[in-house]
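See below for the structure under consideration.
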Ligand SMILES: [Zn+2]
C-alpha cells in the first residue's frame, strides 16, 4: 500500500507540475517543442471560446474549424502502450512515442479532459506558466503577488497618500529636531 500523501495535492496538480516545469524551460526559437505549446494554446482558445462566447452560431463554427485544425496536428502524435511488471505483481502502463515531448502534450490533454486546461496559464506579472490552484489565481509566486499588489492603482493611491502624510509629518518634525540640535 502506498503511504498517504502528507502534503495536500490540488486537483490536477500532479499532472500539471511536470508540465509547468517543461513549459517554463528555455528553448530555441526553432525547437519542435513550440508545436506542442502551440497546440496547447489552440486548445485553450477553443475551451475559452466555448466558455465565454454568447454568440453560439459564430463560436460553434469557429470551434469546429479550430478542433479540426488541432486534430490534424494531433495525428502526428502516435503512441503505443507498453507494460512493466512492478512489485507485488502490479502492472505499470507506459505510453511510448517517438516524439520526446509527447508526454507533455498528453498531460495537457488529460487536464483538458478533466476541465482544468484553463488553470494552466501565464503569470500576469512575469509571463511564466503556472497551474492555478484556484480559478482566480493570476500570479505564480509570492514575489509576483507583491508586484501585482504594488501595481494595483488603489494600493498605489493608498501608498502615495501614506507617503504624502509621512513626508508632511517629517517636514513638521525635522525643523523641530534641527532647532534642538
Ligand atoms: Zn510570476
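The values are calculated or read from the model by the stated rules, or taken from the named source; none is laboratory data. Given the structure is predicted, the values throughout are model-derived calculations rather than measurements. Ideal geometry is used to build each Cβ from the backbone, glycine not excepted, and the neighbour counts take in all protein chains shown.
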*asked:* Being touching a residue at least 12 places away in the same chain (Cβ under 8 Å) and out of contact with any helix residue (DSSP H, G or I) (no Cβ under 7 Å at 6 or more places or on another chain): is that true of residue 128 here?
replied: yes
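Can you give me the ranges of the helices (runs of 4 or more DSSP H) entirely in segment 72-181 with at least 2 residues that are within 16 Å of the ligand (Cβ to nearest atom)? Explain how you work it out, then say what you get.
Working: elements: 102-113, 142-151, 153-180.
Where helices (runs of 4 or more DSSP H) fall fully within segment 72-181 and carry at least 2 residues being within 16 Å of the ligand (Cβ to nearest atom), they are 142-151.
Check segment 50-62 and report whether any residue there is at pLDDT 90 or above and in a helix (DSSP H, G or I). Please lay out each step first, then the result.
Taking segment 50-62 first, the residues at pLDDT 90 or above are none.
No, segment 50-62 has no match at all.
Conditions tested, residue by residue: (1) assigned to a loop (DSSP other than H, G, I, E, B); (2) without any contact (Cβ under 8 Å) to a residue 24 or more places away in the chain; (3) within 22 Å of residue 141 (Cα to Cα); (4) touching a helix residue (DSSP H, G or I) at 6+ places or on another chain (Cβ under 8 Å).
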{"position": "14", "(1), (2), (3), (4)": "no, yes, yes, no"}
{"position": "21", "(1), (2), (3), (4)": "no, yes, yes, no"}
{"position": "26", "(1), (2), (3), (4)": "yes, yes, yes, no"}
{"position": "30", "(1), (2), (3), (4)": "yes, yes, no, no"}
{"position": "35", "(1), (2), (3), (4)": "no, no, no, yes"}
{"position": "39", "(1), (2), (3), (4)": "no, no, no, yes"}
{"position": "43", "(1), (2), (3), (4)": "no, no, no, yes"}
{"position": "47", "(1), (2), (3), (4)": "no, no, no, yes"}
Q: Please verify whether segment 79-97 includes one or more residues that are modelled with pLDDT of 90 or more and either outside the structural domain of residue 22 (by TED's automatic domain parsing) or within 14 Å of the chain's Cα centre (by Cα) (or both).
A: no
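Please find, among 132, 151, the residue that is within 29 Å of residue 25 (Cβ to Cβ), surrounded by 10 or more Cβ atoms within 10 Å (Cβ to Cβ) and at pLDDT below 90.
That would be 151, the only listed residue that is within 29 Å of residue 25 (Cβ to Cβ), surrounded by 10 or more Cβ atoms within 10 Å (Cβ to Cβ) and at pLDDT below 90.
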